[in-house]
Structures are given as C-alpha cells and as structure tokens.
Amino acid sequence: MSWLFGKWHTRRIQNEKVLSIAGSDCSGGAGIQADLKTFSALGVFGMSVIVSVVAENTCRVLAIEDISPAMIRRQLDAVFEDITPDAVKIGMLSTPACMQAVSEKLLVYQPKNVVIDPVMTAKNGCPLMNAESVKPLLTEIVPLADVVTPNIPEAEIMTGMKIHSLSDMAEAAKRIMALGCRSVVIKGGHANGDAVDLMYDGKQFYPFKAKRINTKNTHGTGCTFSSAIAAQLAKDKELIDAVSDAKAYVTTAIEHSLNIGKGNGPTHHFYDLYRGKVTYDED
C-alpha cells in the first residue's frame, strides 16, 4: 500500500517487463525517456537499449551521436541473457549499421510482442534517420514486427504513396503489411479533423477515433503511443484492446500536456496517476 494525495492506493507488483530500443532525448519528452515514463505509468517494468544520443529540446535537434553497433549488441545481450522481455518497443534507428545490429540480435532472441515505431523526424521536423536507412528499415526491421505504428508522413515514405483520406490510409496499411509485419496502425494525427488511427490485422480494418486536442505540446506522442501498446501487449491483452487502451492513454496525456519549454512541450505521462485515478491490484 502507498499513500498518494491523501488516499491509500494498492499498487500492483510489476511482473511484466518491456524493453525499449531507441534514442535518448535529453529534454525528456520523447525517445527512451518517454518510453520509460509510459511503462511506469502503465505498471510494467521498463528496460532500455540506447542506440543514439540526441541533443534536442522542445525547439530543435542540436546533434545526434550514434552508439556503436558493437555496444548496441552488448546491451541487447545484457538484457536477454538475464531478463526475458514480455514485449519490445523499437523506436529511433538512425543508420543501417544500427538496424543490422538490432535485427541480428532479435532474430537470435526471438522476443514476442515487438512494436515498431518507425521514427524518421523529430516533432520540430529535424531528421532522425539517414536517407539510406529507409530500405533496411523496410527489409530488416519491419518484418520483425507484430505491429508497426507509422504516422502519415512516415507511412507515405514507407509506401511511396500520398495519403489524403481514410481510404488512402487503408491502402497504405495493406502495402506495409506486405513487407512482412503482422499488423499495422497508421496514426492520423497529421490529418485534418478528429484524430483517427487505423489498425489493420491482415483481415479487417479497425478505426480508433478521438477528438483533436488544440495544443502545440505533442512532443513524444508517437513514442508514448507505441510504448503504451507494448505495455498492454506485455499484459497479454489482445491487440485491438492494447491499441484502444494506448489510444485512450495518449489522448489523456495530450489533453493534459505540459507547457514546458519554448517549443512543442511534452505530454503528461502520469496525469491519471497523479490525480489518483489509477490503482494497481497486487498479484
């Protein structure tokens, strides 16, 4: 039992373990930092393999320094030889060498519930992936995924088509599925109107609709959404339920986003927890 804001809350023992393979965001809004906050907020144990160190803030990316492929491999070995993740979230992979190191080890360890967020640019538009990395992303990384979560600009790059409508999103999802992943969720945050995400499992399309929130503080929303899906899959939820719960979580985080920094501020990963709306049951 723990005391929080004048109330006793029962916390659930964290047995589910989720690994994030991504870049570090020193400003705390995206990347590994957003992933670990999401895992903690949703009651799973978070682990990380850092593939790039990104000097960024809410306004711009100042520099990127990639971790060596050898060190990426060693980090993955360190986790998997001791702790078996119940889900893996993959975010920023900026170079072909980085992608090769990750794909090589995941083929060895064969983790379940792999969620891939094909990060290509920062919220402020700065590129986070080299142009020559798109092909290995499609051929080496995407086929490892149980679910891929591109936004509309990323889906356009992955498929070579323009997306202007929900039917275009559906066609793009089919093309991405043909790359070898097991399901796709195309995020509709860049479209006009309500924020409609579209999931495709190879058989059926499932739209997830939420009201569009008028805020500039959306730094790290893609990282947060994909990490939330991974956290829910680690709890053995069905994919449609995992995506639905992740959509609700990230919508709340955006609705109560934090006005931090001079640019696109971060979402509020712990809003429900701080408000005393979340209780965990002991196993």
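Rule-based calculations on the coordinates, nothing more; no lab input. Keep in mind that this is a model prediction, so the values were computed, not measured. Here Cβ is always computed from backbone atoms with ideal geometry, including for glycine, and neighbour counts include all displayed protein chains.
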request  = Kindly put His268, His164 in sequence by how many other C-beta atoms sit within 10 Å of each C-beta, fewest to most.
outcome  = His164, His268
inquiry  = Can you say what percent of the DSSP beta bridges in the chain, counting only those with both residues inside, are antiparallel? Round to 5.
reply    = 50
ask   = Is there a pair in Lys112/Lys187; Lys237/Lys262; Lys174/Lys235; Lys105/Lys209; Lys105/Lys211; Lys37/Lys203 whose C-alpha atoms are over 31 Å apart, and which pairs would that be?
value = Lys237/Lys262; Lys105/Lys209; Lys105/Lys211; Lys37/Lys203
task = Calculate, in nm to one decimal, what Lys135 and Ala78 gain on full extension: separation in residues at 0.36 nm each, minus their alpha carbon distance.
result = 17.7 nm
query = Which of the peptides 257-265, 84-92 is most tightly packed, and how do the rest follow, going by the mean number of other Cβ atoms within 10 Å of each residue?
reply = 84-92, 257-265
Under the Karplus curve 6.51 cos²θ - 1.76 cosθ + 1.60, θ = phi - 60°, whole-Hz ³J(HN,Hα) for segment 265-272, x wherever Gly or Pro sits = x, x, 7, 9, 5, 10, 4, 4
query = Under the Karplus relation 6.51 cos²θ - 1.76 cosθ + 1.60, θ = phi - 60°, what is the ordered set of whole-Hz ³J(HN,Hα) values for segment 101-109, x standing for Gly and Pro?
reply = 4, 5, 5, 4, 6, 5, 5, 6, 8
remark   = Expected max-MSF residue from Pro150, Pro207, Pro266 in the GNM of the chain (alpha carbon, under 10 Å) is Pro207
key: Loop-located GluC sites (Glu not before Pro) in segment 63-172, at most 14 other Cβ atoms within 10 Å (DSSP)   = Glu81
query = Considering the values (1) 0.94; (2) 1.04; (3) 1.10, which represents Cα Rg over 2.2 N^0.38 Å as calculated for the structure under consideration?
reply = (1)
query = Who wins for biggest fluctuation among Ala253, Ala173, Ala63 in a Gaussian network model of the chain, springs between alpha carbons below 10 Å?
reply = Ala63
task = Please arrange Leu93, Leu62 by counting, for each residue, the other beta carbons lying within 10 Å of its beta carbon, fewest first.
result = Leu62, Leu93
remark   = Per the helix-only model, the chain has a calculated mean residue ellipticity at 222 nm (DSSP H runs of ≥4, -39500 (n - 2.57) each, divided over all residues, rounded to the nearest 500) of -10000 deg cm²/dmol
request  = Show the residues, 5+ positions off or on another chain, whose built amide H is closer than 5 Å to the amide H of Val49.
outcome  = Ser20, Ile21, Ala22
